[in-house]
Amino acid sequence: MFGIKQHFAPSGLKRFMGILPRALPWAITCCRVAAWITSNRIAVSVAHHRVAAWITSHHVAPSTSSALKGRHVCGFLALLMSLCFVTGCRQETKEIPRKLQFEAFVPVYNRYIETWLKTQQTETEKEIEKVTTDLTTAEGDAKTALETKAKALLLDQEKYRFRIGIGPYLKFGNPSEIPTDLVWENGMDQPEIGDPRAKKGGAFRKFVSDFPPTIRPIGNNSNSSFRGDLYDLIDMKLITLHPKTMEIIPGIAKEWAVSADKRTVYFRIDPEAKYSDGHPVRARDYLISVYIRVSDNLVNPYQKQYFREEVAQVAAYDDLTLSVSLPEPKYFGPIIAGGLTPSSPIFYSEYGPDYVDRYQWRFPPTTGAYEVRTEDIIKGVSISQTRVKNWWAKDRKYYRYCFNPDKLIHTVVRDESKAFELFRAGEIDTALVTSPELWYEKCEIPPVHNGYIERATFYKQYPLIPRGLYLNVRKPPLDNRDVRIGISHAVNWQKIIDVIFRGDYQRLNAFNAGFGSLSDPSIQARRYSIDEARASFAKAGYVTEDSDGTLKKEDGTRLTVSLTYPKMPFLDRMLVIIKDEAKSCGLELRLDATEATVAYKNKCKNSMRLPLVLGTQILQLPISTSSCTPRTLSMRREIRNRIPITPLSGCVKTPTSSAKQFVMRLLKKTCVMPCGNSKTSSMMKQSSFPDTRLTSSASLHGAG
């Protein structure tokens, strides 16, 4: 205090007042710099010290003692001023509250869809005029192709006209707008799903080959192989199909009705339908679900295109009534329209441009039976699903005997052989075996022979996703139909089945085989034949052999095709056989093994001649989806005493009653999923196709 008073002597004060006007602007500037520094987490004290030192060193002459005293005064005041400016001017960095922004999105998106529809309509009209003009001079096959194109264009024109006429894409309507002549259905006349003897409780343990990169239902990396277990097999749709009768049964909607033109389906939501967090499901949530998927807050090109082109309108009329319109009547149209799932507005209240990162490991409230809690995620190790307490549909007719375990535990085991050993040790409950070596060699063990482990081979209701050789017909020589037919005869799939798969796989006759009335049974796959292959190649001009046996044209062009595939030991072995057999037909296949991600990207860019994508389209596993295998081993529950679960009675079509009883005993120990909503659960479905059967000859049943 005394020192400070001394600095205000008349001479020192006079000097200070002369310096202050010059120092003040610099002090303010430096204070702002200091504020910026502090906002960037740099020590404030350093900034203050330098401000004071700079002012005193540049604006005070160090000639006299009074000047020195004035320098101290200026430094002290500059320090005080900088403190005031730093504390008074700096903005707080607290997070701004987020909002869903759904209301602002609706009119913007509606205008976008309207503009897009009008543009498509104009372009279609121009194309129709062009095709009509070309038809006047076309003849033969060209005329037939143009007539087919003209019909398709007229259908497109009608679709755009219908969509423009029904109004906004996302609509909030009035109940008075609902037609009064609708016939409402509830689907309650179908048989129950599951077995009343099924007991609830326990934990079902299985393995997965890799840990999912995220648990988000949409956005980057959300379409991993684990997605089915998290969402597709769990989330309830508005309506679904009964697994045995293939008739529509209720889901979240308790009733539904189809409009007279078969394009719009109206739904009445079950008043008791709730999310796992206890909040009720409302019609508005389905519009929010569309918003979450099509907004520019995430990269989601497939669903953006799907909702823009395959859905005409989603409308909410009150809290429990909504409608979904399709651009045109479709086979199983109500199921397509009723496939939407709701999105909780409370959970997505923070939805925005940072959605991918913000929601990376947050499981959304579900309408299904299982949820993923934060404590059940052990990254890189396991994910568990816990049965929702007081699940709203637990007593509904078609769901009360499904979703029986209290927990589903998915443990990461990247090696199938190791997973099999864990199964033998009792650490996991079932082993889904795809390797012939494991099935035929590792399964010849006492627990199998003594009945403690049961195994079976049986068919699922639906075939696998078609996998196989996909031809890029835009590039030569694959743009020639005769070459493509020759390749079909030159690929010896039956040898692959016999040698690598030991005769356990089947060949599909067509791309869409196994879908009942949707498939054409008259289509038969071309058999391997050297003579027929060479005859087809000859029609394409490949008539002479080169020195290595490869066919070539008269101008020297060799019959060579590059075959790109994901590098895997299993595919390497298979394609060596394919290459050797094709060589006998005069076709040279150049194998190009690339990393799986690179192969996928190249396929998307159409940069390959003959890409092989993860297997082969015309090899068919007896089990139809990638989430299951034709061979299932199950530890007997009488011995393990873990989950006494009983599945759907008579769920597998078998040739004999004894075989049927065997599979039922097996499934009583392994059934955990419902029979109507999932790919995985289709192993329990009653087949509606005559070629779906139990392969009892490949089964081994112990005497236990």
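The values are calculated or read from the model by the stated rules, or taken from the named source; none is laboratory data. Not measured: the values here are computed from a predicted model. Glycine also receives a Cβ, built like all others from the backbone with ideal geometry; neighbour counts cover every protein chain displayed. Ligands, DNA and RNA are stripped out before the accessible areas are found, and what is left, the full protein with its side chains, is counted by its heavy atoms. Shrake-Rupley method; radii C 1.70, N 1.55, O 1.52, S 1.80 Å.
For the range 503-593, the share of alpha carbon pairs falling in successive 5 Å distance bins from zero is 3, 12, 17, 16, 18, 16, 12, 5, 2, 0 percent. Within the full protein context, the accessible area of Met568 is estimated at about 70 Å² for a probe radius of 1.4 Å.
Listed values for the range 557-570 are Karplus-derived 3J(HN,Hα) couplings in whole Hz (6.51 cos²θ - 1.76 cosθ + 1.60, θ = phi - 60°), namely 5, 7, 7, 10, 10, 7, 10, 9, 8, x, 6, 9, x, 4, and x replaces Gly and Pro.
With N residues in the range 529-570, what two-decimal value do you get for its Cα radius of gyration over 2.2 N^0.38 Å? List each step's numbers first, then the result.
Details: Rg = 13.1 Å, N = 42, 2.2 N^0.38 = 9.1 Å.
It is 1.44.
Under a 1.4 Å probe, what is the accessible area of the range 388-433 per residue, stated in Å²?
Working: 2040 Å² over 46 residues.
Solvent-accessible surface per residue comes out at 44 Å².
For the pairs Lys495/Lys583; Lys418/Lys567; Lys274/Lys394; Lys126/Lys159; Lys244/Lys274, note any where the Cα-Cα span goes beyond 18 Å. Working shown, then result.
Working: Lys495/Lys583 14 Å; Lys418/Lys567 22 Å; Lys274/Lys394 12 Å; Lys126/Lys159 16 Å; Lys244/Lys274 27 Å.
Check vs 18 Å cut-off fails for Lys418/Lys567; Lys244/Lys274.
Per-residue Karplus couplings for the range 586-593, computed as 6.51 cos²θ - 1.76 cosθ + 1.60 with θ equal to phi - 60°, are listed in order as x, 9, 9, 9, 9, 6, 10, 7 Hz, Gly and Pro entered as x.
Explain nothing, just the number: relative contact order of the range 309-406, from Cα pairs under 8 Å at least 6 residues apart, as a whole percent. Write down the numbers at each step before the final one.
Numbers: 73 pairs, mean separation 13.3, N = 98.
Reported relative contact order: 14 percent.
Per-residue packing, averaged as other Cβ atoms within 10 Å, sorts the ranges 375-384, 410-419, 251-260 into the order 251-260, 410-419, 375-384, beginning with the highest. The label-point distance for Thr594 and Gln157, in a model that sets each label 7 Å from Cα toward Cβ, rounds to 4.2 nm.
Of the heavy-atom accessible surface of the range 96-174 (probe 1.4 angstrom), what whole percent is carbon and sulfur? All intermediate terms of the calculation are to be shown ahead of the outcome.
Values: 2950 of 5210 Å².
For the range 96-174, the apolar C and S fraction of the accessible surface comes to 57 percent.
So for each of 386-394, 548-556 I average, over its residues, the number of other beta carbons within 10 Å; can you give me the resulting order with the highest mean first?
Values: 386-394: 17.4, 548-556: 13.1.
Highest mean packing first, the order is 386-394, 548-556.
Within the assembled protein chains, the solvent-accessible surface assigned to Tyr452 is about 110 Å², based on a 1.4 Å probe. A DSSP coil position with no more than 14 other Cβ atoms inside 10 Å describes the following chymotrypsin sites (Phe, Trp or Tyr not before Pro) in the range 328-374: Tyr331, Phe332, Trp361. Considered as an equivalent ellipsoid built on the Cα gyration tensor, the range 297-418 has semi-axes of 30, 22, 17 Å, the largest given first. Look at the Cα gyration tensor of the range 234-292: its axes a ≥ b ≥ c give a/c of at least 1.5 with a/b at or below b/c, and that counts as oblate. With all pairs of different C-alpha atoms in the average, the Kirkwood value for the hydrodynamic radius of the range 126-188 is 15.5 Å.
Glu147 exposes around 80 Å² of accessible area when a 1.4 Å probe is run over every protein chain in place. Using θ = phi - 60° in the Karplus curve 6.51 cos²θ - 1.76 cosθ + 1.60, the 3J(HN,Hα) couplings for the range 326-331 round to 9, x, 8, x, 9, 5 Hz; x is entered for Gly and Pro.
In what sequence, largest accessible area first, do Thr594, Thr136 appear using a 1.4 Å probe? Mind showing how you got there, number by number?
On the way: Thr594 25, Thr136 110 Å².
Sorted descending by solvent-accessible area, the residues read Thr136, Thr594.
P(r) for the range 167-246, from all Cα pairs and a bin width of 5 Å, is 3, 9, 11, 13, 14, 14, 15, 11, 7, 4, 1 %, short bins first.
Extension gain Lys143-Arg358, at 0.36 nm per residue separation less the Cα-Cα distance, in nm? Show your work: numbers first, answer last.
Working: separation 215, 0.36 × 215 = 77.40 nm, distance 5.59 nm.
My answer for the length gained is 71.8 nm.
For the range 119-197, the relative contact order works out to 31 percent when only alpha carbon pairs closer than 8 Å and six or more residues apart are counted.
Here each label is just a point 7 Å from Cα along the line to Cβ, and for Asp319 and Glu247 those points are 3.2 nm apart.
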